[in-house]
Amino acid sequence: MIAIVDYEIGNLYSIFKALERLGEEVVVTNQAQEIREAEAVVLPGVGSFEKAMENLEKKEIKEVIKENQEDGKPFLGINLGLQLLFEKSQEAPRKKGLSLLPGEVVKLPPTNKIPHMGWNRVYFKKNSPLTRDIPQGRFFYFAHSFYVLPEEPQAVVGICNYNVVIPAIVNHDNVWGFQFHPEKSSVWGMKVLENWVRSWKK
């Protein structure tokens, strides 16, 4: 079973339906024990970094996520969910993130149209289980005003260019993150989700 974390941030229905279409058993939950017992965990989300972390702490989910990561459980952060994996964000300087990955979240340059919303090409910096059978330069759907800067360059699997290089796919051990919305990215979004499931499915 895949647990989609419900922390009152964003629409969870699209990612729920996308994973269901892959034939997976999926539950949307804010119950710490249900998340703890899941086979894999997805942290989606749009909106405020500070509010998101407050809700994760209030619902006692923050520590469960860290436990799952330490246990090697497959974990996927999407959009804001990716940004929460890092230590801090310029959006909320006084609020710590989950700190599963070293690095920070920064605002897109003011010279760019903000938010970055729409389709953009993603290029892979290295081969990985999640990029299997996906050609370089396929389009994925983005909607964000901040982006991640991992401390470890090797954590960046895929990038897109938006007058600045944006890490679009990030990985360290069992933790993966997408800045784009795979559930809104048509055939290639479904393929990258399928690859994620296949990477850990027994």
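The values are calculated or read from the model by the stated rules, or taken from the named source; none is laboratory data. What you see is a predicted model, and the numbers here were worked out from it, not measured in a lab. Note: ideal-geometry Cβ built from the backbone for every residue, glycine included; neighbour counts use all protein chains shown.
Residues in the stretch 65-96 that are under 19 Å from ASN30 (Cβ atoms) and part of a loop (DSSP other than H, G, I, E, B): LYS73, ASN79, LEU84, LEU85. Of all residues in the stretch 127-143, those that are surrounded by 13 or more Cβ atoms within 10 Å (Cβ to Cβ) and part of a strand (DSSP E or B) have Cβ atoms under 6 Å from Cβ atoms of residues that are among the polar types (S, T, N, Q) and at pLDDT 95 or above, 6 or more apart or on another chain, in PHE140/SER185; TYR141/SER185; PHE142/ASN120.
Just one of the listed residues (VAL157, VAL122, VAL148, VAL106) is assigned to a strand (DSSP E or B) and free of Cβ contacts under 8 Å to residues at least 40 places away in the same chain, and it is VAL157.
Quick check on my filter: what residues within the stretch 17-33 are touching a strand residue (DSSP E or B) at 6+ places or on another chain (Cβ under 6 Å) and either under 21 Å from VAL175 (Cβ atoms) or among the aliphatic types (A, V, I, L, M) (or both)? Matches in the stretch 17-33: LEU19, GLU24, VAL26, VAL27, VAL28, THR29.
Out of the residues in the stretch 12-32 that are part of a helix (DSSP H, G or I) and free of Cβ contacts under 8 Å to residues at least 12 places away in the same chain, which is nearest to GLU87 (Cα to Cα)? Only one residue fits best here, namely TYR13.
Which members of the stretch 40-73 meet the condition of being in contact with a Phe, Trp or Tyr (Cβ under 9 Å, 6 or more places away or on another chain), without any contact (Cβ under 8 Å) to a residue 40 or more places away in the chain and not β-branched (Val, Ile, Thr)? If the condition is that a residue be in contact with a Phe, Trp or Tyr (Cβ under 9 Å, 6 or more places away or on another chain), without any contact (Cβ under 8 Å) to a residue 40 or more places away in the chain and not β-branched (Val, Ile, Thr), then GLY45, LYS58, ASN68 are the ones that fit. Of all residue pairs spaced 6 or more apart or on separate chains, those with beta-carbon atoms under 6 Å, a first member in the stretch 74-94 that is over 20 Å from ILE4 (Cβ atoms) and a second member that is of a type in the set (A, V, I, L, M) and at pLDDT 95 or above are PHE86/LEU101; PHE86/VAL105; PHE86/VAL148; SER89/VAL105; GLN90/VAL106. Would you check which residues across the stretch 35-61 are closer than 19 Å to LEU98 by Cα and in a helix (DSSP H, G or I) and list them? Selection gives ILE35, ARG36, PHE49, GLU50, LYS51, ALA52, MET53, GLU54, ASN55, LEU56, GLU57, LYS58. With respect to (1) part of a helix (DSSP H, G or I); (2) within 28 Å of GLN90 (Cα to Cα); (3) in contact with a Gly (Cβ under 8 Å, 6 or more places away or on another chain); (4) of a type in the set (A, V, I, L, M), the lone exception for ILE9 is condition (1). Only a single criterion out of (1) at pLDDT 95 or above; (2) under 19 Å from LEU130 (Cβ atoms); (3) touching a strand residue (DSSP E or B) at 6+ places or on another chain (Cβ under 6 Å) is not satisfied by ASN68, namely (1).
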